[in-house]
Every structure is written in structure tokens, then in C-alpha cells.
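Engineer: Just dropping this structure here.
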Amino acid sequence: MAVLTEEQTMLRDMAREWADHESPVTAFRRMRDAGAAAGYDADSWQAQAALGWAGILVPETHGGAGLDFQSLGVVLEQLGRTLTATPLAASSLAASAILMGGSEAQQAEWLPRIASGELVATLAIDEGSRFAPDNIATAVTGTRVTGTKAFVAEGDSAGLFVVATTDGLWLVAAGDGVTVSQRHLADARSHAQVSFEGAAGEKLGAGPADLLTRITDRAAALAGAEMLGMAEAAFAQTNDYLKTRVQFGQLLASFQALQHRMAKMLTELELMRSAVEGAFEAIDAGRPDASVAASLAKAVAGETLKLVSGEMVQLHGGIGMTDEHDAGFYLKRARVLETLWGSAAWHRERFARLSGY
């Protein structure tokens, strides 16, 4: 387990308390049943912004806290526990892209609005059903961006898009030339198709040549943090159920076969935490193996959450199969996150390639 600073510990504890009391799974259920077009509750998002979370990565000079990805990760982990629907990860990633590749004028224009929660920003990368950052067809003519992005997280409410093109990353504001089409996925979150038809844009030209790679590595790590929180909550709820449910005159927790399954999950969770926290450490330290660490984290997180969410449904029995129980929410969100920013198979292949195998 990573050694957190005093500030990171306070962030984690505050996020845990807020998620438990202000954004439990019942809040996500209400949002889903209401069919919120944005894919999250606007009041909840403003509350998160008021706590300063929207500006965790944004420098103090632009109204943020100027903290690191480990700090953001501990917050997303706690929000993942209760399935909080939030554009926090998407906006933070867009802010990171602007920080690394934006001019001073671009940073001054966009970062304060992102930090305050006034503006939701997001990445627009994938053009097909699978993560393929090397397969980009969106083109730029002059300063006009044209192309279609198939699955854009928080695309339904975003006011600013960081768009991957054949000419690097470009900033495109929502408006003329930008068409957003709502997609309905199993997790009831926002995953819009966004079409750019000669939309006016500005290039992020001040950053490193591998800016897209750096951003998608950070996206994979942040997804891993949410998945870690989900896996921990799914495990804890399943463990509590086995300790209270009586079957055949005995507590389910007394059956050795079920104890073995829980022990397997617990060991995998510990490995998952090590991999996710290791990715944040590599990213924040600027280590050359950050891409390797990010791929390891996403691969391990995807496989572990798949195991734990599936076992949650199975070990709860019949009730776990119903919409009235929360197990299905964890399972459905897990399946979406497993493919977001690269599947376990994609990242294992990348890990091997980057490691020289």
C-alpha cells in the first residue's frame, strides 16, 4: 500500500465520508431511474467541485490545488466504492492535457473554468468500438477539425473536447460544427458519439511529441483507481452477505469452498492495489517506465474487477441477479470499464512489447 501524505490521507477520508453519506449507491439508482441526460447528477457534481476535487490537478495560479495523480486517484477510488457517477476523471484528464500541451493563453482560458466545475471537459479519442489510439482518422484543415469519435465519456455534457487528430491533440469547444448523439450503455453513464464537422479548434502544440500516449496512460491509471474502489466495495458486500446468510442450517461463510473463493479475491485485490498505486507513483515521478506501469495497472484492474463483480453476483444467489440488488450495477459498470482505455488483453500485449518480450 502506498504511503500517503497527510494531505492525501485527508483527501481520502473526506472523499470516503462524502461518498458514504452524500452519494451512496441509492443515489446512483435514483439518477439512473430519472434518466439524467448528462449521465450524472448536476447538484452532486457541483458539490464535488465545491470540495475542490475538480481542480486537484490544476495549479493554484489557475484556481486549483496543484496536487498530483495519486491525490486524484484516492478520491476516484472512494467514489468508485459507491458507484458515484461523475465527470471528475474526464475533466481532470482534459485539464492534464491542457497543462502538458497548452499554451499559457489556453491554460488561462480553460483551466480556471475546469477547476471551478463550471466547465466539463473530456477526451475524444476512440473512433471505433475498441481502444485504438494508433488508428486515428480525424483530420484538420487549417483550424477546422473533421471526424467522428465513437465513445466519448461525459460527451453529453462536455463544453470542451480534447480531440485526437492526425495532427496531434486539438481543443474544440462545443457549439457550431459539433454534434453529440447520446449512446445507451449498460452502466447508465454518458458515452456519447461526437461528430466534428469543420469545427473550429486550437492545437495543443506546446507539449511533448508523445502527448497522446501520456494522456491515455493517465486515463488508464484513473480508470484503475475507480475499478479498485468498486472491487473493494463488491468484495466487502459479498463478504458481509456470506457472514449473515444461513443456508442448510449454516452460515455460508462456514463452507470451505466459499472461503477459498473469498481468499482468492482478497489476494487479487492486494495485487490490484499495488499495481494501481504503482502506476500513479511512476506517473507522478515522471519515470520512463510510466507506460509499462499504466498498462500493468489497467490489465490487473480489469481482470480483478471482472472476477470480483462476477463472484458478487454468483455468491449472492438469486437476489444478485435482480435489478433490486446493487450487484448488477457493479457488474455492468465493470464490463464498461474493462474495455475503456484498453482491455486487459490489449494492455498485456502492450506491457510485453514495452518490456522487450
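Engineer: Just name the residue that is surrounded by the fewest Cβ atoms within 10 Å (Cβ to Cβ) out of those in the stretch 19-29 that are in contact (Cβ under 8 Å) with a residue 60 or more places away in the chain and part of a helix (DSSP H, G or I). Talk me through it step by step, then tell me what you get.
Structural biologist: Applying the first criterion (in contact (Cβ under 8 Å) with a residue 60 or more places away in the chain) to the stretch 19-29 yields 19-20, 23, 25, 28-29.
Filter again for part of a helix (DSSP H, G or I), leaving 19-20, 25, 28-29.
Values: ALA19: 24, ASP20: 12, VAL25: 17, PHE28: 23, ARG29: 16.
Taking the candidates together, the pick is ASP20.
Engineer: Same structure again: Does GLY342 satisfy the condition of being modelled with pLDDT under 95 and not in a helix (DSSP H, G or I)? Working first, answer last.
Structural biologist: On the way: modelled with pLDDT under 95: no; not in a helix (DSSP H, G or I): yes.
So GLY342 does not fit the description; no.
Engineer: Filter the stretch 187-229 down to the residues that are modelled with pLDDT under 95 and surrounded by fewer than 16 Cβ atoms within 10 Å (Cβ to Cβ), then identify the one that is nearest to GLU104 (Cα to Cα). If you could, list the steps in order and put the result at the bottom.
Structural biologist: Within the stretch 187-229, the subset modelled with pLDDT under 95 is 205-209.
Narrowing the set further to residues that are surrounded by fewer than 16 Cβ atoms within 10 Å (Cβ to Cβ) leaves 205-206, 208-209.
On the way: GLY205: 11, ALA206: 9, PRO208: 15, ALA209: 18 Å.
Ranking the qualifying residues of the stretch 187-229, first place goes to ALA206.
Engineer: In the stretch 42-82, which residues are outside any helix (DSSP H, G or I) and closer than 22 Å to ALA334 by Cβ? If you could, list the steps in order and put the result at the bottom.
Structural biologist: Restricting attention to the stretch 42-82, the residues satisfying the condition of being outside any helix (DSSP H, G or I) are 51-52, 56-59, 63-68, 82.
Within the stretch 42-82, just THR82 meets the criteria.
Engineer: Being touching a residue at least 60 places away in the same chain (Cβ under 8 Å), out of contact with any strand residue (DSSP E or B) (no Cβ under 6 Å at 6 or more places or on another chain), among the small types (Gly, Ala, Ser) and open to solvent by 20 Å² or more (accessible area, probe 1.4 Å) is true for just one of ALA54, ALA2, ALA65, ALA47. Which residue is that? Explain how you work it out, then say what you get.
Structural biologist: Numbers: ALA54 fails: open to solvent by 20 Å² or more (accessible area, probe 1.4 Å); ALA65 fails: touching a residue at least 60 places away in the same chain (Cβ under 8 Å); ALA47 fails: touching a residue at least 60 places away in the same chain (Cβ under 8 Å).
Checking each option against the conditions leaves just ALA2.
Engineer: Right, another one. How do the pairs read when you match residues in the stretch 241-255 that are in a strand (DSSP E or B) with residues anywhere that are open to solvent by less than 60 Å² (accessible area, probe 1.4 Å), using Cβ under 8 Å and keeping only pairs 6 or more apart or on different chains?
Structural biologist: From the stretch 241-255, the pairs are VAL246/LEU252; LEU251/LEU242.
Engineer: Considering only residues that are under 19 Å from the mean Cα position of the chain (by Cα) and of a type in the set (Phe, Trp, Tyr), look in the stretch 336-357 and name the one that is surrounded by the fewest Cβ atoms within 10 Å (Cβ to Cβ).
Structural biologist: Looking at the filtered set, the residue picked out is TRP346.
Engineer: Which of the residues spanning the stretch 234-262 are open to solvent by less than 40 Å² (accessible area, probe 1.4 Å) and within 13 Å of GLY317 (Cβ to Cβ)?
Structural biologist: Within the stretch 234-262, THR238, LEU242, LEU252, LEU258 qualify.
Engineer: Name, by its number, the condition in (1) under 29 Å from ALA231 (Cα atoms); (2) hydroxyl-bearing (Ser, Thr, Tyr); (3) open to solvent by 10 Å² or more (accessible area, probe 1.4 Å) that does not hold for THR122.
Structural biologist: (3)
Engineer: Somewhere in the stretch 320-335, is a residue closer than 19 Å to ASN239 by Cβ, free of Cβ contacts under 8 Å to residues at least 24 places away in the same chain, surrounded by fewer than 21 Cβ atoms within 10 Å (Cβ to Cβ) and among the β-branched types (Val, Ile, Thr)?
Structural biologist: No, the stretch 320-335 contains no residue that is closer than 19 Å to ASN239 by Cβ, free of Cβ contacts under 8 Å to residues at least 24 places away in the same chain, surrounded by fewer than 21 Cβ atoms within 10 Å (Cβ to Cβ) and among the β-branched types (Val, Ile, Thr).
Engineer: Looking at (1) more than 21 Å from LEU67 (Cα to Cα); (2) open to solvent by 60 Å² or more (accessible area, probe 1.4 Å), can you tell me which one ARG287 breaks?
Structural biologist: That leaves (1) as the condition not met.
Engineer: Here is a list of conditions, (1) surrounded by fewer than 24 Cβ atoms within 10 Å (Cβ to Cβ); (2) closer than 20 Å to LEU337 by Cα; (3) not hydrophobic (A, V, I, L, M, F, W, C), and GLY175 meets all of them except one; can you say which number that is?
Structural biologist: Failed condition: (2).
Engineer: Turning to a different aspect of this structure: I'd like to check something: does the stretch 293-302 contain any residue that is open to solvent by 30 Å² or more (accessible area, probe 1.4 Å), on the phi < 0 side of the Ramachandran plot and not hydrophobic (A, V, I, L, M, F, W, C)?
Structural biologist: If we filter the stretch 293-302 for residues that are open to solvent by 30 Å² or more (accessible area, probe 1.4 Å), which is where we start, we get 296.
Checking which are on the phi < 0 side of the Ramachandran plot leaves us with 296.
Those still in the list that are not hydrophobic (A, V, I, L, M, F, W, C) too: none.
No: zero hits.
Engineer: Any residue at all in the stretch 5-18 that's part of a helix (DSSP H, G or I) and within 18 Å of ALA220 (Cα to Cα)?
Structural biologist: If we filter the stretch 5-18 for residues that are part of a helix (DSSP H, G or I), which is where we start, we get 6-18.
Filter once more, keeping what is within 18 Å of ALA220 (Cα to Cα): none.
Within the stretch 5-18 (the criterion being part of a helix (DSSP H, G or I) and within 18 Å of ALA220 (Cα to Cα)), the answer is no, since none of the residues qualifies.
Engineer: Please determine whether any residue of the stretch 193-202 is within 22 Å of the chain's Cα centre (by Cα) and touching a residue at least 24 places away in the same chain (Cβ under 8 Å). Explain how you work it out, then say what you get.
Structural biologist: Quick first cut of the stretch 193-202, residues within 22 Å of the chain's Cα centre (by Cα) only: 193-194.
Next, only the ones that are touching a residue at least 24 places away in the same chain (Cβ under 8 Å) stay: 193-194.
Scanning the stretch 193-202 turns up at least one residue that is within 22 Å of the chain's Cα centre (by Cα) and touching a residue at least 24 places away in the same chain (Cβ under 8 Å).
The values are calculated or read from the model by the stated rules, or taken from the named source; none is laboratory data. What you are looking at is a predicted structure, and each value in this text was computed from that prediction instead of being measured. Here Cβ is always computed from backbone atoms with ideal geometry, including for glycine, and neighbour counts include all displayed protein chains. The protein model used for the area step is the full one, side chains on, heavy atoms only, and it has no ligands, DNA or RNA in it. Shrake-Rupley method; radii C 1.70, N 1.55, O 1.52, S 1.80 Å.
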